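The values are calculated or read from the model by the stated rules, or taken from the named source; none is laboratory data. Note that the coordinates shown come from a computational prediction; the quantities given were computed from them, not determined experimentally. Positions of Cβ are generated from backbone atoms using ideal geometry, with glycine treated the same way; all protein chains shown enter the neighbour counts.
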Amino acid sequence: MNVEGLIADLALILVLGAISTIVFKKLKQPIVLGYIVAGFLVGPHFDYFPTIHNEENIDFWAQIGIIVLLFSLGLEFSFKKLMNVGGSAIVTALIIVAGMMGLGFVVGHVLNFSNINSLFLGGMLSMSSTTIIIKAFNDLNMSHRKFVPRVLAVLICEDLFAVVMMVLLSSIAINNSVQGGELLMSILKLVFFLVIWFSVGVYLIPTFFKYSRRLINDEILLVVAMGMCFLMAVFSAYSGFSMALGAFVMGSILAGTCEAEHIEHVVKPVKDLFGAVFFISVGMMVDTGIIVEYASTIVTLSLVVIVGMIVFGTFGMLATGQSLKIAIESGFSLTQIGEFAFIIASLGLSLNVLEPSLYPIVVAVSVITTFFTPYFIKWAEPFYNRLMPHLPTRLLYLLERYSKQESSVSEEKKIWKAVIGRYAWRILLYSTMIIAIVVVSTSYLLPFMDKLVGEDWGDVITAGITLTAMSPFLLALSMPTTKQSEWQALQSKSGSRSTMPLVVLSIMRLLMVFALVTYYLSDVFTLTAGVSMGFGFIFLIIIFLSKKVRRRMRDMELRFIRNLNERELRRSGHDSNLVSDLHVAYIKVGYSCPFVGERLRNSNLRKNYGVNVVNIQRGAQTFPIPNGDMRIFPGDMLGIIGNDEQIQRLLPIMEDSAENSEVHDDVEVKFMPIEIGEHSPLVGKTSASIRLRDDYQALLVAIQRGENRYIKPDGSEVFEPHDILWVVGNEAKLAPLKG
């Protein structure tokens, strides 16, 4: 390696990258475009500027850039966030990705690309840019608009789908065809390793940070985080996947820890540096000759991205029950492709299945669509306002009715959702662990024991060790997943007919346990011996080990859930008990918080909510035991002492007020409509006299009277039958108000 040449190349691209990004910042354009322009200027296709000496050196740093970028995206991705947004974001992202992949594949054939190139083209056109969209929202000061959390949730799901897509595209590219059996095995293998990595990581890594937190400063945390990133990347490559996948998984694991924000802070300079090198290397691929030659193709693909994203994004949001306005605003926000398009293109080139000319075409499409992104975001609302008068009244009625039906979920459906979700993750987690034990046993332990003590005794000893290791997970898999309160609630609503599926699920769990044990023992011994020993083993663990093992497995599950929810627990303070039921919670003040700008003494937090502010963290400064004259500003992190009820009541009001409280489906307080009936206790009363905030722990946002009339409450408005109140509060506590 020519070290002097490497340093000279880095100096050239970074200095020019710095100059170009300053220019683009001045022009109020995304700095990613500046990096691409810098790469073009130093690339081999531009003869009027000094060119780098060795492209392989830059490719090496660019590969590191991809790993660090995926690691950083993983830090922004959180499985907890994904579970909070529920199936809505997943369905929307799936509609967008599937629709754009199909559209890209068809357009690729129309443009005379091969099957594999058309498939890669569809993958590149199906991924919106998380980086560009977040930056556009911040630049336009739209981060707190109602549709923004839904767009970000869809982007999280798209990132996950992109990682899966990279694995599938690699498999298809290597086989040069779509083979159903091998494709299914690739998906199962991916799911298997993801569950193992995620489970072990969530169980161990937060515990490591918990016990070593006092010893870790910024320097050590950076070394630890990047070490974990590269270690998982290497392990992923060893398992047959890409290094980028391992980096993304490690980032998503760390995203759930209490050190996530700290890690993002210390890793950001590394991400910015290597990310800059990656995007500059993308710009080096731009060939003006190819762009001129394929100008019509670039324009066509740009239109396909813009129109396709708007159509599929809007339809996806409508399909999940969002209003027409939110759907249109969301669709108009997704009209670009970005970093994942480059990563997928790099993957295709590394596998030698992608036409080299396709790379600069995709880069040009990304530049065009990125440039217009802020404008489409701003055009969404005017487009909606112009579209509304031209839509049939019947269609608007159907859309509104469908949206209300999707947003209203019965109590029985909520119970079934919780039961099925708990049932699914237990089966996935424990069956994966059991299969992992079987694989390790048959691949490594069995040959070793056969060689050590002979084949007969080796089989017996290996089976004993393996069954002992499997028994806790087998018993946990057979344990009931339904809480007693849920069983009683279902019985009270529909009787035995409603609980019959629970009995079927229990039988299926036991059959699965029996099948796993029998399969392993039949593989080691004979089928007859496997079946008989399987019955005997299951009988033994249920009779003799149930109490002890169940208690241990519940402890392990509790630890896993606590680690998974560590950031949320720290936010709500459940793990910071002081005396009795009091604990410290750390709450970030949102821009919509009603206390913004108030002095602490005027906010009446202690009087109205029963809590005390023990410290305020503002940027790098911390103010312990602040006095009453100190003001509250957006972005402040308040250390609050209170009990569970007080803090849960305060959280949605402090963090973002009413608008964003419905994003977290698992939070007790949410934003919802309540229709007043004929016999409601509110009829004839005013908003000032009903004491919603004090008696019902609720916040009244607006009164809807008729289809399109919204009244801002001022305390004097008299409630009428069939009024719809838009409130923030607990659904159960507000139920009596319906009448």
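Contact annotation: residue pairs with Cβ atoms under 7 Å, 6 or more positions apart or on different chains, pairing a residue in segment 633-650 that is among the charged types (D, E, K, R) with a partner that is assigned to a helix (DSSP H, G or I), are R649/Y609. Restricting the first member to segment 363-374 and to residues that are at negative phi, and the second to residues that are assigned to a helix (DSSP H, G or I) and small (G, A, S), the beta-carbon pairs closer than 7 Å and six or more apart or on different chains are V365/S302; S366/A341; I368/S302; T369/S302; T373/A136; P374/A136.
One residue stands out among those in segment 687-739 that are in contact with a helix residue (DSSP H, G or I) (Cβ under 6 Å, 6 or more places away or on another chain) and assigned to a loop (DSSP other than H, G, I, E, B): the one that is nearest to E400 (Cα to Cα), which is A698. Inside segment 501-526, residues that are touching a Ser or Thr at 6+ places or on another chain (Cβ under 8 Å) and of a type outside the set (K, R) make up a count of 9. For beta carbons closer than 7 Å, sequence separation of 6+ or different chains, a first residue in segment 268-294 that is among the hydroxyl-bearing types (S, T, Y) and a second that is in a helix (DSSP H, G or I), the qualifying pairs are S281/G39; S281/I58; S281/D59; S281/A62; Y294/I361. Selection over segment 666-675 of residues that are within 13 Å of V728 (Cα to Cα), of a type outside the set (V, I, T) and either modelled with pLDDT of 70 or more or outside the structural domain of L699 (by TED's automatic domain parsing) (or both) gives a count of 2. No other residue among V234, V307 is modelled with pLDDT of 85 or more and over 26 Å from F376 (Cβ atoms) apart from V234.
Among all residues of segment 478-493, there is at least one that is in the same structural domain as V440 (by TED's automatic domain parsing), assigned to a helix (DSSP H, G or I) and modelled with pLDDT of 70 or more. Considering segment 596-619, and only residues there that are part of a loop (DSSP other than H, G, I, E, B) and in contact with a Lys or Arg (Cβ under 8 Å, 6 or more places away or on another chain), the residue that is surrounded by the most Cβ atoms within 10 Å (Cβ to Cβ) turns out to be E598. Which residue pairs have Cβ atoms closer than 9 Å, lie 6 or more positions apart in sequence or on different chains, and pair a first residue in segment 227-256 that is under 17 Å from I64 (Cα atoms) and not assigned by TED's automatic domain parsing to the domain that holds Y203 with a second residue that is among the small types (G, A, S) and buried (at least 21 other Cβ atoms within 10 Å of the Cβ)? Here the result reads none, with nothing in segment 227-256 linked to a residue that is among the small types (G, A, S) and buried (at least 21 other Cβ atoms within 10 Å of the Cβ). The listed residues are V282, V267, and the only one of them that is of a type outside the set (F, W, Y) and closer than 30 Å to S357 by Cα turns out to be V282.
Residues that are in a loop (DSSP other than H, G, I, E, B) and surrounded by fewer than 24 Cβ atoms within 10 Å (Cβ to Cβ) within segment 85-126 comprise L111, N112, F113, S114, listed in sequence order. Selection of first residues in segment 431-459 that are in the same structural domain as L475 (by TED's automatic domain parsing) and surrounded by 14 or more Cβ atoms within 10 Å (Cβ to Cβ) and of second residues that are outside any helix (DSSP H, G or I) and at pLDDT below 85, restricted to Cβ pairs under 8 Å at least 6 apart or on distinct chains, gives the following pairs, ordered by first then second residue: D459/F525.
Does G313 satisfy being over 20 Å from S118 (Cβ atoms) and either part of a helix (DSSP H, G or I) or modelled with pLDDT of 90 or more (or both)? Yes.
So for segment 642-661 (the condition being at pLDDT 80 or above, buried (at least 20 other Cβ atoms within 10 Å of the Cβ), out of contact with any His (no Cβ under 8 Å at 6 or more places or on another chain) and part of a strand (DSSP E or B)), does at least one residue qualify? Within segment 642-661, not a single residue is at pLDDT 80 or above, buried (at least 20 other Cβ atoms within 10 Å of the Cβ), out of contact with any His (no Cβ under 8 Å at 6 or more places or on another chain) and part of a strand (DSSP E or B). For the structure I just gave you, tell me whether V503 is out of contact with any strand residue (DSSP E or B) (no Cβ under 7 Å at 6 or more places or on another chain), closer than 30 Å to V419 by Cβ and modelled with pLDDT under 75. Yes: the conditions hold for V503.
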